[in-house]
Amino acid sequence: MPCDVKPRFLVLYGSQKGQAQSIAEGIAEEAEEHGLVADLSCLNQNEKYNLEKENAPVVFIVATTGEGEPPDNALQFVRSIKKKTLSSDHYKHLCYALLALGDTNYANFCNCGKTIEKRLKQLGAKQFYATGYADDGIGLEVVVDPWLEGLWPAIKGTLSNMASDRTANLQGNGPELPTETSDSAIPDVQLNLLSITDHQNCVAVSTSVDRDSKFASATSSSASAVSDLRPAISTESPDLASQSCVGANVATSAPNTQSQDAGVPHVALAASLTRSMPPLSESSLNVPVLPPPYLDVSLQEGDTLEQMAGPLNKDALHQVPISTAVQLTRGDSVKTALLLELDISAFPTMAYKPGDSFDVFCPNRPAEVDELLCRLGLQNQRNHQVIVSLRKDTKKKGAVVPPHIPEKVSLLFLFSWCLEIRSVPKKALVRALVEHTGDSAQRRRLQELCSKQGAADYNLYVRDTSLSVLELLKAFPSCSPPLSLLIELLPRLQPRPYSAASSCLRHPGKLRFVFSVVNFPACLGRPAGRRGLCTGWLFDLINPGLVFPGKADSSGSPALPKIHVSLRPSCSFRPPSDPSVPFIMVGPGTGVAPFIGFLQQRESERQKNSKAAFGETWLFFGCRHKDGDYLFRDAKNMAKDVNETLMEIIKAELQVDQLDAMKTLAGLREEKRYLQDIWG
């Protein structure tokens, strides 16, 4: 008797920082629980799928990066479907659903997803489930969770309709093959933007808190890599809102003590990272599917390993000396802003243009690495070699050893240069920690934080405060995760990008950049504040040779060190190629950095060709002396504010309404006359 064949669908993802990939992998892993088979592929793996012949439902999970651009691993696919030679019925056989990830703090929200969706429709593809637009600015899970909840009945309904059509065809009662999904097969789905307090109005479900739900995990961005959007002006996240840091002490774990006796004061304990309050504390929970383990990890003692002093893939990097380090702000400033000059004269491939940026590769802080190793009970094995391989019994779709996990390195090197231990723990990681937590109250709280009902608490106490995995483990002392879990679920340590703040015409062989030392305040889960990873590291490196305001040079200071960097050329963020075109620049605080390069370039060009016509250049920048030069205080919404101001100017000067002003501004974007380069 033949075995039943499970219905199949295809999952394709395009991801820059790993969030879209994580969601796609969660869908593929959960499919089996629904009696389905999911084929998972990255969009650039076109040898693994063929949409021209695909007759199963297709689910796209795509992020947006840069100025609304596709992720690197989706660029080839987007270019291929944009070909004008494709006919309007090229994908008439295809039915699809799409989840787009973006951030409303950036220009062109979810533009990659919108581009793919628009083009698929133009090519005749049929949508079987409403598109979700997840906003990392308020929390991806606000849209991702309900979208995933509705995805499964939508897929099953579509597969059922397809099966019915095939049966009718075999019986001679239908067309040869279903050319498209009928409108009746598209579920009536409405995705609403939810407030983070909406969980209080949710009806408790009967699922036990100890059972896996049928919902995939909604991932969240890390502080250093907040989303799949490429940062571009300010280098690290601004200080977090103070309202994220309100509540009881993190160590509070005693039960809620309230007396009903007359004359005894009523004591109400506030919620915190480790404590919840009704209705959440009394609710049944929908927790994400437990990520299946897929790595075997062991530590091997042997000859002392040669400790590498920098990042991997050094062939693609340049170890460049710092020639000058100047502190731009004075001692009484709220922020410490610095200018660093790199000597790139020996590296011709580092030639840059105004508008370009570059990556700085920095390690995790040694004190935090040591503390994490101690927390895991591995401090005495720090120099052991890490052996990583795939589990033979793994059920993870497309499981491979993560490419950022090298062979023959020590445990110390792995945590110093390979894993982002500062990253905000995604819900998949929080869910996995549940299984390794002994205390029942702490276990319940971790379940709440990763659950659908606890989304608001997760945002407030984990995401918004940029809590790290180490800080989370400190808050839940009975949690003892294995090393393999962290290697599986912690992302790759990302380089930090900075804008060039100089022109090669003005400073040949030099590259300058400006940054402020980022400080994360103390809050729930973080008793003491901490500095930004890369900005704090750079400050410590150059501090002995730092030149302060009023000093002439650093000739009498100690020699400055070298750092590993790589160039990130910009495709579009450039001054006008025609020097006669006037242009306006807007950048607060250190956001002014790339425009210094623009102005230096323009001035050098005028000196070389004094008879040429040059348009006016206007630079608007922030200088908040009365606030102590707090450079990032409104930076998060600056792009929106500039956009709205331009809209008001267009309305007033052209005497048009809001809609026409929006069209005019959109036209400027299309003509590459309105460029935004935003760092988050």
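Heavy-atom accessible area per residue, the stretch 1-123, 1.4 Å probe: how many Å²? List each step's numbers first, then the result.
Values: 5200 Å² over 123 residues.
On a per-residue basis, the stretch 1-123 sits at 42 Å².
Find which of Gly545, Ser468, Pro481 sits farthest along the positive direction of the dipole of the stretch 459-563, computed with +1 on the beta-carbon of Lys and Arg, -1 on that of Asp and Glu, about the Cα centre.
Of the candidates, Gly545 comes out farthest on the positive side.
Could you state the orientation-averaged shadow area of the convex hull built on the Cα atoms of the stretch 48-90, in nm² to one decimal?
Computed as one quarter of the Cα hull surface, the answer is 4.1 nm².
Sorted from largest down, what three extents in whole angstroms do the Cα atoms of the stretch 74-129 have along their principal axes?
Answer, in whole Å and largest first: 36, 25, 15 Å.
The values are calculated or read from the model by the stated rules, or taken from the named source; none is laboratory data. No experiment lies behind these values; they were computed from the predicted model shown. Glycine also receives a Cβ, built like all others from the backbone with ideal geometry; neighbour counts cover every protein chain displayed. SASA here: full protein model, heavy atoms, side chains in, ligands and nucleic acids out. Shrake-Rupley method; radii C 1.70, N 1.55, O 1.52, S 1.80 Å.
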